[in-house]
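The values are calculated or read from the model by the stated rules, or taken from the named source; none is laboratory data. These numbers come from a predicted model, not from an experiment. FYI the Cβ positions are ideal-geometry reconstructions off the backbone, even for glycines, and counts take in every protein chain you see. Surface areas here come from the heavy atoms of the whole protein model, side chains and all, with no ligands, DNA or RNA. Shrake-Rupley method; radii C 1.70, N 1.55, O 1.52, S 1.80 Å.
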Amino acid sequence: MLDALSKSFFHALARSASLERMASRYGMSGRAGFARRFIAGETADEAIAQARQIQAGGLLLTLDQLGESITTLGEAEAATAVYLTLIEKIRAAGIDRNISVKPTQLGLDIDPAVCVDNVKRILSLARDHDFFVRIDMENTPYIQKTLDMFSAVWTQGFRNTGVVLQSAVFRSEEDAKAVSVTGARVRLVKGAYKEPSAVAYQAKADVDAAFVRILQYLMTDGHYPAIATHDPAMIDATKAFAAEKGIAKDRFEFQMLYGIRRDLQASLMADGYRMRVYVPFGKQWFPYFMRRLGERPANVGFILKAIVGER
Ligand code: FDA
């Protein structure tokens, strides 16, 4: 109940334009900006500098340019151009060749055909240079459109890509099967968005139970699944299932977000698991940042301390 309330509260705040303006002015200013805990920088170069350090510690990476729900195709074109440049910058930096993209940032909401085109341009350059491109999943109105877009590029022969499914959403168990049958990879998450009860579980126990069911399916019938969670119970369930079924540690990977449970990231890596860190960057960091606060209201205390500490 408290979980759902805090999620709604922070999602409501995330829609406040004046709060966004104020936060955007101070959140990333200076090296001690309060949003830097969760955002690797406002530019690709800053993010790559952080990513290098993460990789030096033995962790895998995926870089994500923040931004969503754009309103013009010009913005979608600009976001696509940033990704094309990012691929070149990652190559030049010699870091892990893996990126994540958000469909609405590439035009899904305005013109799905243009979005498919933009995704194909990114996938083509990515394929030339051996990159993997994960298509993030946004809120439920976009699930079918995202899977349709994914299916379009998959059937056109792009294999360097995979999707994300959210255990909170009822349909994800069926989607996990449909996607796995094609041979595509799935990243499993709980789901970051506040969804209505008609389409998604509301209680943490139900979201977690679905997460375990889907992860077990993906571990046996899926293709190199990514188990993306900071929840020790979900991580233990994954490890226990892998041990029980004799699934080797290189047949799947764990993923966590930049700045969250770095202790757990390090301990999984030390235990020989593959551990990938999602490294977000960009000027449009506010909605992403607010989702992170909503997941763990204690983060507000951490942010306040950072702000007070700056004075
Ligand atoms: P849960 O929220 O139950 O948290 C379990 C524990 O983890 C908490 O008790 C706390 O210890 C820790 N924790 C979780 N969030 C924290 C935070 N913000 N700050 C500090 N501690 C925290 N979602 C989506 O809808 N579409 C997507 O494409 C993606 N992509 C994605 C990629 C990767 C690599 C990750 C790790 C996550 C996503 N997500 C996502 C987000 C995901 O759906 C979910 O919102 C968060 O991972 C939080 O859920 P947990 O599984 O961590 O569990």
Exercise for the section: Go through 102/177; 145/245; 120/249; 89/283; 190/283; 145/194 and tell me which ones have a Cα-Cα distance over 28 Å in this structure. Expected result: 145/245; 120/249
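Quick one, what does Rg over Rh come out to for the range 19-74 if you take C-alpha atoms and the Kirkwood Rh? Kindly include the intermediate steps, with their values, before the conclusion.
Values: Rg = 13.5 Å, Rh = 13.0 Å.
With Rg and the Kirkwood Rh in hand, the quotient comes to 1.04.
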Fill in the blank from the handout: Expressed in Å to one decimal, the Kirkwood Rh of the range 40-284 from all distinct alpha-carbon pairs is 18.2
Problem - Per-selection metrics, the range 180-248 (Cα): Rg and Dmax in Å - result: 12.7, 38
Handout entry: Farthest positive-ward along the range 40-284 dipole, Cα basis, beta-carbon charges - from 270, 225, 63
Key = 270
Practice task
Have a look at 224, 26, 193 and tell me which one the Gaussian network model of the chain (Cα, springs below 10 Å) gives the largest fluctuation.
Solution key: 26
Handout entry: Heavy-atom accessible area per residue - the range 40-284, 1.4 Å, Å²
Key = 40
Problem - Dipole magnitude (debye, nearest 20) for the chain, charges at Cβ of Lys, Arg, Asp, Glu - result: 680
Exercise for the section: Using +1 at the Cβ of each Lys and Arg and -1 at the Cβ of each Asp and Glu in the chain, identify which of 139, 106, 44 lies farthest towards the dipole's positive end. Expected result: 44
Problem - Projected-area average for the range 82-221 over all orientations - Cα convex hull basis, square nanometres - result: 8.7
Handout entry: Over the range 76-152, equivalent-ellipsoid semi-axes from the Cα gyration tensor in Å
Key = 22, 12, 10
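With 18 Å as the cut-off, how large is the P(r) tail for the range 1-130, expressed as percent of Cα-Cα pairs? Each step should come with its number before you reach the end.
Numbers: 5291 of 8385 pairs.
Taking all Cα-Cα pairs of the range 1-130, the fraction more than 18 Å apart is 63 percent.
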Completion exercise
For the range 40-284, percent of DSSP beta bridges that are antiparallel (nearest 5) comes out at 5
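For every other residue with a beta carbon closer than 12 angstrom to the beta carbon of residue 128, add +1 if it is Lys or Arg and -1 if Asp or Glu, then tell me the sum.
Values: positive: 91, 97, 121, 127; negative: 88, 130.
That sum, taken over residues with Cβ under 12 Å, equals +2.
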